[in-house]
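Visitor: Would you mind keeping the following structure in view while I ask a few things?
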Amino acid sequence: MHRRRVGAGAIAKKKLAEMSKQLDMFKSNLEEFASKHKQEIWKNPEFRVQFQDMCATIGVDPLASGKGFWSEMLGVGDFYYELGVQIIEVCLALKHQNGGLITLEELHQQVLRGRGKFAQDVSQDDLIRAIKKLKALGTGFGIIPVGGIYLIQSVPAELNMDHTVVLQLAEKNGYVTVSDIKASLKWETERARQVLEHLLKEGLAWLDLQAPWEAHYWLPALFTHLYSQEITAEEAREALP
Amino acid sequence: MDRFLWTSGLLEINETLVIQQRGIKFDAGTLLLSTHRLIWRDQKNHECCMAFPLSQIVFIEEQAAGIGKSAKIVVHLHPAPPNKEPGPFQSSKNSYIKLSFKEHGQIEFYRRLSEEMTQRRWENMPVSQSLQTNRGPQPGRIRAVGIVGIERKLEEKRKETDKNISEAFEDLSKLMIKAKEMVELSKSIANKIKDKQGDITEDETIRFKSYLLSMGIANPVTRETCGSGTHYHVQLARQLAAILQTPLEERGGIMSLTEVYCLVNRARGMELLSPEDLVNACKMLEALKLPLRLRVFDSGVMVIELQSHKEEEMVASALETVSEKGSLTSEEFAKLVGMSVLLAKERLLLAEKMGHLCRDDSVEGLRFYPNLFMTQS
């Protein structure tokens with residue numbers, strides 16, 4: 001009995017030593033890789049996607065820590081963590097307008113604008129990965145697929161399935177009415193009203209009582225998606241607290 | 001020699017370089033023979049470039065080298081056409097030029113030039129009559145050649161990039177295989193540790209966690225991507241305590257974790273923290289007895305507060321503020337007090353939880369009132 005226990009512990013110690021050795025070797029392999037190919041990762045969004053997918057397949061998260069090898073040698077970390085900061089700032093600047101809900105497309109445009117023309121190119125996939133990491137900060141960052149597009153939520157508003165489904169309905173025209181909901185989703189009036197009121201309360205929807213026939217509930221998050229409106233850099237700057 | 005005309009030295013479409021030879025006299029230049037022209041370029045000043053069309057050549061002859069003399073090719077030319085573009089000389093009494101080969105190559109050049117004269121390829125592949133000049137260029141023509149040149153460069157670059165990328169992928173795949181082995185190894189170690197807790201020292205467990213951190217492997221036991229308990233995070237926690245002291249005081253003793261993330265990373269500039277790094281370091285603040293702590297509100301919002309900060313006391317002052325105004329929304333309160341809306345909301349919610357405020361939830365928003373049920377019952 002006693003011998004078996006010691007044996008198991010010793011095996012673990014031995015494996016730990018082996019891992020340490022392999023780690024050193026891996027580190028130098030990674031260094032070599034970085035010296036040859038670091039530029040590719042920096043320049044090429046396609047390569048970044050492939051790289052991330054490969055890591056995910058084997059169960060490795062290159063963005064988990066700034067102290068990880070991947071981050072230190074390849075610089076992938078700095079790229080995504082800085083992107084995270086830029087995403088937070090854009091969302092904060094526009095929150096008063098859209099209540100904390102923004103299309104991925106608009107977020108992409110605003111982030112690119114903020115980065116300036118000499119900065120590294122950034123793809124929508126890059127943004128999604130950065131946002132997924134931001135969730136760890138507990139601030140309600142979420143990604144909501146709505147029809148063919150993605151909505152990015154940056155405030156801890158409670159959005160359940162009902163809300164999401166109504167957002168999807170609104171995507172076509174930028175607004176939705178109680179009748180629309182009843183016709184498409186076959187809900188009761190009360191259920192539709194509750195969802196719409198919640199969106200209003202959270203500042204995600206605007207009430208338009210002057211629309212013909214019945215009240216329209218507009219979603220400012222979808223405005224640029226529909227009308228390719230752009231707020232100028234000046235306006236964005238003014239919007240910052 | 002008036003047969004020459006200035007040229008920008010770009011090859012025309014359909015024109016290909018046949019041979020080039022350095023060391024040609026006209027004060028040391030490079031002679032280029034193309035299918036259409038004979039081009040001379042100054043070796044020192046590449047901008048200085050002259051050419052004449054091969055069609056101008058009547059015949060050529062060789063002149064052997066002698067003592068102190070280099071080999072030459074004499075090129076006899078037709079008279080200059082009246083509509084010739086500007087060149088180095090406006091008129092000349094000679095109807096031939098001598099190409100002096102200072103660095104040899106005359107034999108080969110002569111051969112090639114003769115070939116071109118025989119084949120007369122310029123007749124089959126017409127190129128626009130007006131050659132390029134580097135004075136007063138015709139926009140349309142130059143752009144076409146320029147674009148071809150640019151496209152060529154882009155194509156080369158694309159091929160180069162493709163080659164680099166496929167090489168990069170190959171190397172990456174090899175790396176990933178090694179990384180996968182490490183993942184497997186770490187799983188088996190984790191199992192051993194789990195089973196025989198007592199035989200692994202505290203120190204070894206910490207070492208193991210730091211290995212996982214380096215590789216980005218999730219801790220197979222706890223499922224977190226290795227956070228608390230590594231030296232790195234302890235160090236980080238101490239750094240944060242130092243960095244955040246003043247900003248916190250400036251902001252009333254409390255900041256959301258998002259604000260902290262932006263502040264710290266903006267200050268660092270490089271070697272940024274991942275969101276997980278930050279959270280994991282903050283989780284250790286209290287245990288390390290540092291003057292800050294991490295707090296998680298019911299809503300899931302995470303904040304850092306000074307130990308000296310008593311949110312509950314702030315609630316009392318919040319109640320006063322709300323009472324003065326009758327009622328307030330989070331936005332209004334935030335503006336009055338000078339806080340972020342997010343934290344303002346949390347404070348009001350806390351006040352409500354403690355029974356000091358009650359809410360009026362309508363489509364116009366969430367409004368807080370002093371809880372008169374409590375105070376006036």
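The values are calculated or read from the model by the stated rules, or taken from the named source; none is laboratory data. Values in this document were obtained by computation on a predicted structure and should not be read as measured data. Positions of Cβ are backbone-derived with ideal geometry, glycine not excepted, and every protein chain shown enters the neighbour counts. Accessible surface areas use protein heavy atoms only, side chains included; no ligands, DNA or RNA. Shrake-Rupley method; radii C 1.70, N 1.55, O 1.52, S 1.80 Å.
Visitor: What's the average, rounded to a whole number, of partner chain beta-carbon atoms within 10 Å of each residue's beta-carbon in A:40-51?
Guide: Mean shielding by partner chains, rounded to a whole number: 3.
Visitor: For A:66-74, what's the mean count of beta carbons from other chains sitting within 10 Å of each residue's beta carbon?
Guide: Averaged over the peptide's residues, the number is 6.
Visitor: Any idea how far the Cα center of region B:316-362 sits from the one of region B:235-301, in Å?
Guide: One Cα centre to the other: 25 Å.
Visitor: Can you list the trypsin sites (Lys or Arg not before Pro) in region B:266-362 that are in a DSSP coil and have 11 or fewer other beta carbons within 10 angstrom? Before the final figure, lay out the partial values.
Guide: On the way: sites: B:266, B:268, B:283, B:289, B:293, B:295, B:310, B:325, B:335, B:345, B:347, B:353, B:359; in loops: B:289, B:310.
Within region B:266-362, the qualifying trypsin sites (Lys or Arg not before Pro) (loop, at most 11 other Cβ atoms within 10 Å) are B:289.
Visitor: Could you tell me the extents of region A:59-110's C-alpha atoms along the three principal axes, largest first, rounded to whole Å?
Guide: Ordered largest first, region A:59-110 gives principal extents of 40, 20, 16 Å.
Visitor: Can you give the accessible area of residue B:187 in Å² (nearest 10), computed on protein heavy atoms with a 1.4 Å probe?
Guide: 100
Visitor: Return the FRET efficiency for the residue pair residue A:186, residue A:135: r is the Cβ-Cβ distance, R0 is 41 Å, and the value is rounded to the nearest 0.05.
Guide: Step by step, r from the Cβ atoms, then E = 0.80.
Visitor: Regarding region B:331-377, what are the three Cα extents along the principal axes, ordered largest first, in Å?
Guide: 34, 23, 16
Visitor: Which one, A:130, A:119, A:192, has the greatest fluctuation when you compute a Gaussian network model over chain A with C-alpha springs under 10 angstrom?
Guide: The residue with the greatest mean-square fluctuation here is A:119.
Visitor: I've got another one for you. Kindly provide log₁₀ I(q)/I(0) values, in the same order as q = 0.10, 0.16, 0.19 Å⁻¹, from the Debye equation applied to equal alpha-carbon scatterers of region A:1-97.
Guide: These q points yield log10 I(q)/I(0) values of -0.45, -0.81, -0.98.
Visitor: With a 1.4 Å probe and every protein chain left in place, work out the accessible area per residue of region B:269-308 in Å², rounded to a whole number. Provide the component values of the computation, followed by the final result.
Guide: Details: 1650 Å² over 40 residues.
So region B:269-308 comes to 41 Å² accessible per residue, rounded to a whole number.
Visitor: I'd like to check one number: the per residue accessible area of region A:56-159, probe 1.4 Å, reported in Å² as a whole number.
Guide: Value for region A:56-159: 35 Å² per residue.
Visitor: On to the next question. Rg (Å, one decimal) plus Dmax (Å, integer) for the alpha carbons of region A:113-158?
Guide: Taking only Cα atoms of region A:113-158, I get Rg and Dmax of 12.5, 38 Å.
Visitor: Residues of region A:102-144 with accessible area at least 10 Å² lower in the all-protein-chain context than alone (1.4 Å probe)?
Guide: By number: A:133, A:134, A:136, A:137, A:138, A:139.
Visitor: Could you give log10 I(q)/I(0) at q = 0.16, 0.21, 0.26 Å⁻¹ for region B:289-377, computed by the Debye formula over C-alpha point scatterers of equal weight, without solvent?
Guide: Relative scattering, expressed as log10 I(q)/I(0), comes to -0.63, -1.03, -1.43.
Visitor: Calculate what fraction, in whole %, of the accessible area of chain A sits on carbon and sulfur atoms when a 1.4 Å probe is rolled over the protein chains.
Guide: Here carbon and sulfur together make up 52 percent of the probe-accessible area.
Visitor: Accessible area of residue A:121, 1.4 Å probe, to the nearest 10 Å²?
Guide: Counting only protein heavy atoms, the figure is 90 Å².
Visitor: Kindly express, to the nearest 10 degrees and within the range 0 to 90, the angle between helix A:104-115's C-alpha long axis and the longest C-alpha principal axis of chain A.
Guide: Tilt of helix A:104-115: around 70 degrees.
Visitor: Hey, what angle do you get for helix A:45-58 against the long axis of chain A, alpha-carbon based, 0 to 90 degrees rounded to 10?
Guide: In chain A, helix A:45-58 runs at an angle near 60 degrees to the longest axis.
Visitor: State, in square angstrom and to the nearest 100, the accessible area buried between chains A and B, both chains counted, probe radius 1.4 Å.
Guide: 5600
Visitor: Round to the nearest 0.05 the FRET efficiency obtained for residue A:14 and residue B:231 when R0 = 25 Å and r is the Cβ-Cβ distance.
Guide: Details: r = 23 Å, r/R0 = 0.92.
With R0 = 25 Å, the Cβ-Cβ based efficiency is 0.60.
Visitor: Right, here's the next one. Please state, to two decimals, what the Cα-based radius of gyration of chain A comes to when divided by 2.2 N^0.38 Å (N = residues).
Guide: 1.34
Visitor: Just add up the charged neighbours of residue A:34: K/R +1, D/E -1, any other residue whose Cβ is under 12 Å from the Cβ of residue A:34.
Guide: With Lys, Arg at +1 and Asp, Glu at -1, the net is -2.
Visitor: Which residues' amide hydrogens lie under 5 Å from the amide hydrogen of residue B:272, considering only partners 5 or more residues apart or on another chain, with H built in the peptide plane?
Guide: A:78
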